[in-house]
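Below: the structure, in structure tokens.
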Amino acid sequence: MKLIAAQILSSPGEIEKNIAKHIDLIHLAARQGANLVLFPELSLTGYEPSLAQVLAVHPNDCRLDEFQVLSDQYGLLISVGAPTKGHQGTEISMITFQPGLERTTYSKQHLHCDELPFFTPGTQKLVLEHANLVLAPAICYESLQSSHAEQAAESGAQVYLASVAKSERGVASAYSHYPTIAKKLSMTVLMANCVGAADNFIAAGRSAIWNSDGEIVCSVDAFQEALLAYNLQTGETGIFSVT
């Protein structure tokens, strides 16, 4: 199974423009033989908490239908980030499309204190099954909480999908934490981070993949937009520029 983490620069608040960019990258990922593509936190809007309530989408928004078409066409699992309209308020969500299945939505359960004025936490746990693997979604801050990864492992997850929007400081924490949980819990960890301006910080990129032994097998720098690929069966890796 070939996993791909997409490191991208989203245009703040421009959903249609960001959707078009996602579609281009999904085609590129499919040409590289991907079975899964993971995008950063709030990738469809950019990480802009103050705009999230206005930009929030329903998970079944028809503007996202093309992702299902591409999932069916290529046999891909596609996970995108968006603010969604929850029962209690706006949630930070990962919307996932799988071949022949209804889309699923996982919402961030552990919010950073800076997010509390803008978002409400999700309450539903979720694991995904694709290509004979069990995968667990995790969104930024919560992916640095050991209890979240432990619950994922208890649910049988073999791959931890960390969709993030992290500053340089956050990336440093990730590079310390992810190899530890990967080795301890025998889970491959994918981190898809964004680049460029995000809210009141600069997203620091450095998206990476750690194998289940806790070894970093693929990473990219803090600036470029790129796809990072890792084949679980062969160990083959690759970086594909998208600019």
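The values are calculated or read from the model by the stated rules, or taken from the named source; none is laboratory data. Owing to the predicted nature of the structure, the values given are computational and were not obtained by experimental measurement. Positions of Cβ are generated from backbone atoms using ideal geometry, with glycine treated the same way; all protein chains shown enter the neighbour counts. These accessible areas exclude ligands, DNA and RNA; they are computed on the full protein's heavy atoms, side chains included. Shrake-Rupley method; radii C 1.70, N 1.55, O 1.52, S 1.80 Å.
Taken together, the residues in the range 114-143 that are open to solvent by 90 Å² or more (accessible area, probe 1.4 Å) and polar (S, T, N, Q) amount to 3. Counting the residues of the range 156-174 that are within 14 Å of ASP213 (Cα to Cα) and not polar (S, T, N, Q) gives 2. For the range 45-98, the tally of residues that are of a type in the set (A, V, I, L, M, F, W, C), more than 15 Å from the chain's Cα centre (by Cα) and assigned to a loop (DSSP other than H, G, I, E, B) stands at 1. Can you find a residue that is of a type outside the set (A, V, I, L, M) and closer than 19 Å to LEU133 by Cα anywhere in the range 167-176? Among the residues of the range 167-176, not one is of a type outside the set (A, V, I, L, M) and closer than 19 Å to LEU133 by Cα, which makes the answer no. Output yes when any residue across the range 10-22 is touching a strand residue (DSSP E or B) at 6+ places or on another chain (Cβ under 7 Å), open to solvent by less than 10 Å² (accessible area, probe 1.4 Å) and farther than 22 Å from PHE223 by Cβ, and no when none is. Checked the range 10-22: no residue is touching a strand residue (DSSP E or B) at 6+ places or on another chain (Cβ under 7 Å), open to solvent by less than 10 Å² (accessible area, probe 1.4 Å) and farther than 22 Å from PHE223 by Cβ. Considering the conditions (1) more than 27 Å from PHE201 (Cβ to Cβ); (2) modelled with pLDDT under 95, GLN98 is excluded by exactly one of them, (2).
Rundown of residues vs (1) more than 23 Å from SER207 (Cα to Cα); (2) open to solvent by less than 10 Å² (accessible area, probe 1.4 Å); (3) hydroxyl-bearing (Ser, Thr, Tyr); (4) in contact (Cβ under 8 Å) with a residue 12 or more places away in the chain, yes/no style:
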residue: ILE8; (1), (2), (3), (4): no, yes, no, yes
residue: LEU70; (1), (2), (3), (4): yes, yes, no, yes
residue: SER79; (1), (2), (3), (4): no, yes, yes, yes
residue: GLU91; (1), (2), (3), (4): yes, no, no, yes
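Considering the range 144-174, and only residues there that are touching a residue at least 40 places away in the same chain (Cβ under 8 Å) and not hydrophobic (A, V, I, L, M, F, W, C), the residue that is most open to solvent (accessible area, probe 1.4 Å) turns out to be GLU168. Of the set (1) open to solvent by 20 Å² or more (accessible area, probe 1.4 Å); (2) part of a helix (DSSP H, G or I), all apply to ALA222 but (2). Within the range 54-68, the residues that satisfy the criterion of being closer than 27 Å to MET191 by Cβ and of a type outside the set (Gly, Ala, Ser) are LEU55, VAL57, PRO59, ASP61, ARG63, LEU64, GLU66, PHE67, GLN68. Considering the range 27-44, and only residues there that are under 17 Å from the mean Cα position of the chain (by Cα) and in a loop (DSSP other than H, G, I, E, B), the residue that is surrounded by the fewest Cβ atoms within 10 Å (Cβ to Cβ) turns out to be ASN35.
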